[in-house]
Amino acid sequence: MADMPDLSHLTQEERAIIEGVMMRQKQEEERENEIMRRKQDEVATLVDSIRQKSEQQKKAGVELEATCHICLKTKFADGIGHICHYCNIRCCAKCGGKVTLRNNKVIWVCIVCRKKQELLSKTGQWMNKSTSPDGMIRRQEGD
Ligand SMILES: [Zn+2]
Ligand SMILES: [Zn+2]
């Protein structure tokens with residue numbers, strides 16, 4: 001361990017205390033990493049399942065224009081629904097929500113991007129592993 005502080009001037013007892021503290025810190029870090037890993041898995045699984053579902057629907061010839069692209073269940077009464085600010089996915093009120101930015105701008109964010117944002121705020125990394133289902137879903141722009 002290169003970053004171990006020099007503890008040679010301390011008594012054995014003091015050293016044991018410090019080492020104990022460092023050990024707990026390390027365990028704490030590992031636990032947090034584990035939580036982050038699980039959250040990342042969760043988001044990846046969610047993205048995958050949404051993509052699979054939309055592929056199935058597409059194969060079945062189901063028209064998705066007026067349907068939530070996340071749960072694929074909710075039909076939009078107004079035919080438009082809400083568009084996610086980040087991935088432009090069309091989703092229902094159950095699969096997304098309003099988010100107020102620091103500049104007081106209110107945007108709509110889908111559940112997937114919200115989870116990604118949560119991760120982003122903790123890891124500082126945007127998850128780019130999974131591509132958005134944009135390529136597979138035909139979207140009507142300009143409304
Ligand atoms: Zn939905
Ligand atoms: Zn989104």
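Computed from the coordinates by the stated procedures, all read-outs in this text should not be read as laboratory data. Treat the numbers as computed from the prediction; the structure is a model and nothing was measured. A quick note on method: Cβ atoms are made from the backbone with ideal geometry, for glycine too, and the neighbour counts reach across all protein chains shown.
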Karplus couplings for the stretch 94-107 from phi (6.51 cos²θ - 1.76 cosθ + 1.60, θ = phi - 60°), rounded to Hz, Gly and Pro as x? 7, 9, x, x, 7, 10, 9, 7, 4, 8, 6, 6, 9, 10
Please turn the phi angles of the stretch 40-47 into ³J(HN,Hα) values with the Karplus equation 6.51 cos²θ - 1.76 cosθ + 1.60 (θ = phi - 60°), one per residue in order, whole Hz, x for glycine and proline. 5, 4, 4, 5, 4, 5, 4, 4
Which ³J(HN,Hα) values, rounded to whole Hz and listed in residue order, are derived for the stretch 79-92 from phi using the Karplus coefficients 6.51, -1.76 and 1.60 in 6.51 cos²θ - 1.76 cosθ + 1.60 with θ = phi - 60°, glycine and proline given as x? x, 10, x, 10, 9, 5, 4, 8, 10, 6, 6, 8, 9, 8
Counting only residues 5 or more places away or on other chains, whose amide H sits under 5 Å from the amide H of HIS85 once H atoms are built in the peptide plane? TRP108, VAL109, CYS110
What are the residues whose amide H is under 5 Å from the amide H of THR67, where those residues sit 5 or more places off or on another chain and H is modelled from the backbone? PHE76
Per the rule of 0.36 nm per residue minus the C-alpha distance, extending LYS59 to LYS94 adds in nm 10.1 nm
Placing one identical point scatterer on every Cα of the stretch 1-109 and ignoring solvent, what is log10 I(q)/I(0) from the Debye formula at q = 0.14 Å⁻¹? -0.73
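Compare the peptides 87-98, 66-77, 22-33, 102-113 by average per-residue count of other Cβ atoms within 10 angstrom and give them in order, highest first. Spell out each step's value before the answer.
Numbers: 87-98: 18.7, 66-77: 16.9, 22-33: 10.6, 102-113: 15.1.
With the highest mean Cβ count within 10 Å placed first, the list reads 87-98, 66-77, 102-113, 22-33.
Greater than 24 Å separation of Cα atoms is the criterion. Which listed pairs, LYS73/LYS115; LYS75/LYS98; LYS58/LYS122; LYS53/LYS116, meet it?
Values: LYS73/LYS115 21 Å; LYS75/LYS98 19 Å; LYS58/LYS122 35 Å; LYS53/LYS116 20 Å.
Flagged as over cut-off: LYS58/LYS122.
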